[in-house]
Amino acid sequence: MKEKRLEILGLIPARGGSKGIQGKNLRLLGGKSLVARAVESGLESRLVSRLILSTDSEAIAEEGRKAGAEVPFLRPADLAKDETPTAPVVIHALKWIEENEGTRPDILVLLQPTAPLRQARHIDEALDLLVSTGARSVVSVTPVPGHFNPSWQFSIRDGALFPFMETGKVPPRRQDLPQTYTRNGAIYAAWTETWLTGTMAYGSGCVPYVMDPADSVNIDNPEDLALAEFLLKAQECGK
């Protein structure tokens, strides 16, 4: 008997407001908007069954439609504020689909436009990891360079310099540093039930998908955009 194909929803969250860069989600990188790049990576995935853009902006909605994403609704303004967490945006999309279409995907993968160097292969590898490991969720991360490692960080208290880590022990060589990782914002994949029950938390059941730093720029300010442009050109020259 043929195994049922998992229904995997790709969700691109892209609100109209932005503090670091005005109109960030519509800014161009290599001639394409950040929204269009997110749509492109989702559409090229071999595993994503459906791609939806969640936005409160008509301009972003139109850009998403032109790139090939579905925009079946506009996100309510109260879910598009600076302080709005991601989880309510995901839950709103899932509930809208269930209430209006009577369906529910098996898995939802969140694809933020602010990670424009993410590629379809990254999405598919992360989804394969979710299914093959039986994990609750998969979050993309990238290694932290040695000079940013928390074991080499310090705090200033009463004018004096103290090791940031409570142990007070500072490894003298970079080779002695424990490897640490940071979220790169590219991929958050989880079973729909995980999203709906709020059990996306890190720890046991949350598996890391490690990405190369060259694919992991997250756009928060103009400097990030310039770095992404540089890395994109380097990738294109290497093809």
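3J(HN,Hα) along the range 43-57: 5, 7, 5, 7, 10, 5, 7, 8, 10, 10, 9, 10, 8, 9, 10 Hz, from the Karplus curve 6.51 cos²θ - 1.76 cosθ + 1.60 with θ = phi - 60°, whole Hz, x for Gly and Pro.
Let me test this: with uniform point scatterers at the alpha carbons of the range 47-144, what is the Debye-based log₁₀ I(q)/I(0) at q = 0.18, 0.20 1/Å? Summing over Cα pairs of the range 47-144 leads to -1.04, -1.26. Counting every pair of alpha carbons in the range 94-221, the share spaced more than 22 Å apart comes to 51 percent.
Over all orientations, the range 164-239 has a Cα convex hull whose mean projected area works out to 9.0 square nanometres. Residues His92, His122 in ascending order of nearby Cβ atoms (within 10 Å, fewest first): His92, His122. Taking amide H as placed 1.01 Å from N in the peptide plane, the amide H of Arg50 sits under 5 Å from that of Ile8, Gly10, each at least 5 places away or on another chain.
For the chain, the longest principal axis of the C-alpha atoms and the axis of helix 120-133 are separated by about 90°. Couplings 3J(HN,Hα) for the range 22-38, derived from phi with the Karplus relation 6.51 cos²θ - 1.76 cosθ + 1.60 (θ = phi - 60°), are 4, x, 3, 5, 9, 5, 8, 9, x, x, 10, 5, 4, 5, 4, 5, 5 Hz, where x marks Gly and Pro. The lysine pair count for the chain, using Cα distances under 24 Å and pairs eight or more places apart or on different chains, is 11. Rounded to the nearest 0.05, what FRET efficiency do Glu101 and Leu227 have when you use their Cβ-Cβ distance and R0 = 45 Å? Efficiency computed from Cβ-Cβ geometry: 0.70. Across the chain, the mean sequence separation of Cα contacts (distance under 8 Å, 6 or more residues apart), normalised by length, yields a relative contact order of 23 percent. Across 10 Å bins from the origin, how do the percents of Cα pairs in the range 1-107 run, short distances first? Going out from 0 Å in 10 Å bins, the range 1-107 shows 14, 45, 32, 8, 2, 0 percent. Computed on the chain, the Cα convex hull volume stands at 180 Å³ per residue. Distance from the Cα centroid of the range 43-70 to that of the range 85-141 is 14 Å (rounded to whole angstrom).
Every read-out reported here was derived from the displayed coordinates using simple, explicitly stated rules and does not represent laboratory data. Since we're looking at a predicted model, the values are computed, not measured. Every residue, glycine as well, gets a Cβ built from its backbone with ideal geometry; the counts of neighbours run over all protein chains shown.
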